[in-house]
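Asker: Sharing a structure here in structure tokens format.
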Amino acid sequence: MPLNNILPGYLKAGHEVAIVSPSFSIDAQKLYAAVSFLDKWGLKARIGRYAAATSGPFAGTDEERLSDLQEATNDPSIKAVFCARGGYGLSKIIDKTDFSALTRSPKWYVGFSDVTALHLWLTGMEGIISLHADMPLHYNDPEKTEDTFVTLRKALFGEPYTIDWTGLIFRAGDVAGEITGGNLSLVCCMMGTPAEVETEGRILFLEDTGDYIYQLDRMLMSLKLAGKLRNLSALLIGGMSELKDTKKPWGKSVEDTIYEIVKEYDYPVFFGFPAGHINDNRAIYIGRKASIKVNDNKASLSFV
């Protein structure tokens, strides 16, 4: 794994960016609306050739999705690549993508959910910092908070910002470390691959949606058995949305379920971080060092 991750150059008005669909399909109107959204930031967005294609639930065949991702990666005029939406599909093409062009012209990759596979590959294999943030599917969603898009713009354009939130904290304390992780299901899916998550000394960020609480417990136990929950700087829990219970109740809250698994360790565990499959989905850099400072049940994250 690269020792020092590379921070791509920040965006400026007039820069060209690409919107591609490496996972599930998306309505073409959403793509056109995203172009208009990014145009207001002064960016010139180009839609991938197959971005609106369909093949079953996917945005085109594996070959078509790979083609768009590869073309955007190879083109030095493209300064950022926005993944249109999540779902599933990136792990089917990630090992076939040639990222060698990034050694000459690093660029931003933006997305969350299924895009976690790309984030882990970029940091683990290429040493490139990427951006866990909302995607074109949601760029005109009125239910999204203002901070969802303010932090995205600031992160891309290099404007400093902090993320303040209030939530349950176990073993409160100030911490610092590189942020890694993303969607818990995808973090687990990437185990055993060349981009398996590296967690030692890092702030491990996790979020998920739509699972049963026992599945959350099972995935976290898998990470624990693999040694991935030892020696963290901190565990940062984002949105755990639409989690379901079984007919026979699990009997524990999400917070208690998580804490029970990591209670033997000595690092802080932060809950309620505003990122993930929630309306307040703020942008965070994956692979970049951050610090978290605590005041009572309030916390503040900033990037180094």
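Asker: Using beta carbons and a limit of 7 Å, which pairs, at least six apart or on different chains, have the first residue in region 149-176 and in contact (Cβ under 8 Å) with a residue 24 or more places away in the chain and the second one open to solvent by 30 Å² or more (accessible area, probe 1.4 Å) and in a helix (DSSP H, G or I)?
Answerer: Tyr161/Lys154; Leu168/Glu255; Phe170/Tyr259
Asker: Look through Ala72, Ala80 and report the one residue that is in a strand (DSSP E or B) and closer than 29 Å to Gly239 by Cβ.
Answerer: Sole residue among the options that is in a strand (DSSP E or B) and closer than 29 Å to Gly239 by Cβ: Ala80.
Asker: Which condition number in (1) under 22 Å from Met191 (Cβ atoms); (2) over 21 Å from the mean Cα position of the chain (by Cα) is the one that Thr246 fails?
Answerer: (1)
Asker: Condition first: of a type outside the set (Gly, Ala, Ser), in a loop (DSSP other than H, G, I, E, B), open to solvent by 10 Å² or more (accessible area, probe 1.4 Å) and at negative phi. Can you find one or more residues in region 105-120 that meet it?
Answerer: yes
Asker: Could you tell me whether region 182-191 includes any residue that is touching a residue at least 60 places away in the same chain (Cβ under 8 Å), buried (at least 21 other Cβ atoms within 10 Å of the Cβ) and in contact with a Lys or Arg (Cβ under 7 Å, 6 or more places away or on another chain)?
Answerer: no
Asker: Also: Select from region 275-285 the residues that are open to solvent by 10 Å² or more (accessible area, probe 1.4 Å) and either in a strand (DSSP E or B) or more than 15 Å from Phe303 (Cα to Cα) (or both) and list them in ascending order.
Answerer: His277, Ile278, Asn279, Asp280
Asker: Then there's this: Using beta carbons and a limit of 7 Å, which pairs, at least six apart or on different chains, have the first residue in region 232-256 and of a type in the set (Ser, Thr, Tyr) and the second one in a strand (DSSP E or B)?
Answerer: Qualifying pairs under 7 Å: Ser233/Val175; Ser233/Ala176; Ser233/Gly177; Ser233/Ile203; Ser241/Thr209; Thr246/Tyr212.
Asker: Right, next: Testing Leu204 on (1) more than 21 Å from Ser91 (Cα to Cα); (2) buried (at least 23 other Cβ atoms within 10 Å of the Cβ), one condition comes back false. Which one is that?
Answerer: So the condition that Leu204 fails would be (1).
Asker: Can you pull out every residue in region 17-74 that is within 16 Å of His138 (Cα to Cα), among the hydroxyl-bearing types (Ser, Thr, Tyr) and open to solvent by less than 60 Å² (accessible area, probe 1.4 Å)?
Answerer: Ser21, Ser23, Ser25, listed by residue number.
Asker: Evaluate the following for Leu11: is it in contact with a helix residue (DSSP H, G or I) (Cβ under 7 Å, 6 or more places away or on another chain) and crowded, with 21+ Cβ neighbours inside 10 Å? Walk me through it before giving the result.
Answerer: Details: in contact with a helix residue (DSSP H, G or I) (Cβ under 7 Å, 6 or more places away or on another chain): yes; crowded, with 21+ Cβ neighbours inside 10 Å: yes.
Here the answer is yes, as Leu11 does meet what is asked.
Asker: Restricted to region 148-162, and to residues that are touching an Asp or Glu at 6+ places or on another chain (Cβ under 8 Å) and among the hydrophobic types (A, V, I, L, M, F, W, C), which residue is nearest to Ile6 (Cα to Cα)?
Answerer: Within region 148-162, the first condition is being touching an Asp or Glu at 6+ places or on another chain (Cβ under 8 Å), and the residues that meet it are 148-149, 152-153.
This time we only want the ones that are among the hydrophobic types (A, V, I, L, M, F, W, C), so: 149, 152.
Working: Phe149: 24, Leu152: 19 Å.
Per the stated criteria, the residue is Leu152.
Asker: Exactly one of (1) open to solvent by 30 Å² or more (accessible area, probe 1.4 Å); (2) outside any loop (DSSP other than H, G, I, E, B); (3) more than 23 Å from Asp174 (Cα to Cα) is unmet by Leu223. Its number?
Answerer: Exception for Leu223: condition (1).
Asker: Now, a different point. Can you pull out every residue in region 144-191 that is assigned to a helix (DSSP H, G or I) and of a type in the set (D, E, K, R)?
Answerer: Glu146, Asp147, Arg153, Lys154
Asker: Can I ask one more? Search region 75-93 for residues being open to solvent by less than 10 Å² (accessible area, probe 1.4 Å) and farther than 20 Å from Val17 by Cα, and hand back the single one that is nearest to the chain's Cα centre (by Cα).
Answerer: Within region 75-93, the match that is nearest to the chain's Cα centre (by Cα) is Gly89.
Asker: Could you say whether any residue in region 255-264 is open to solvent by less than 50 Å² (accessible area, probe 1.4 Å), in a loop (DSSP other than H, G, I, E, B) and closer than 23 Å to Ser185 by Cβ?
Answerer: Within region 255-264, not a single residue is open to solvent by less than 50 Å² (accessible area, probe 1.4 Å), in a loop (DSSP other than H, G, I, E, B) and closer than 23 Å to Ser185 by Cβ.
Asker: Ok, one more. Which residues, taken from region 130-143, are open to solvent by 10 Å² or more (accessible area, probe 1.4 Å) and either hydrophobic (A, V, I, L, M, F, W, C) or part of a helix (DSSP H, G or I) (or both)?
Answerer: Scanning region 130-143 gives Leu137, His138.
The values are calculated or read from the model by the stated rules, or taken from the named source; none is laboratory data. These figures come from a predicted structure and were not determined experimentally. As a convention, Cβ positions derive from the backbone with ideal geometry for all residues, glycine included, and neighbour counts pool all protein chains shown. Just so you know, the surface numbers come from the protein's heavy atoms only, side chains and all, with ligands and any DNA or RNA stripped out. Shrake-Rupley method; radii C 1.70, N 1.55, O 1.52, S 1.80 Å.
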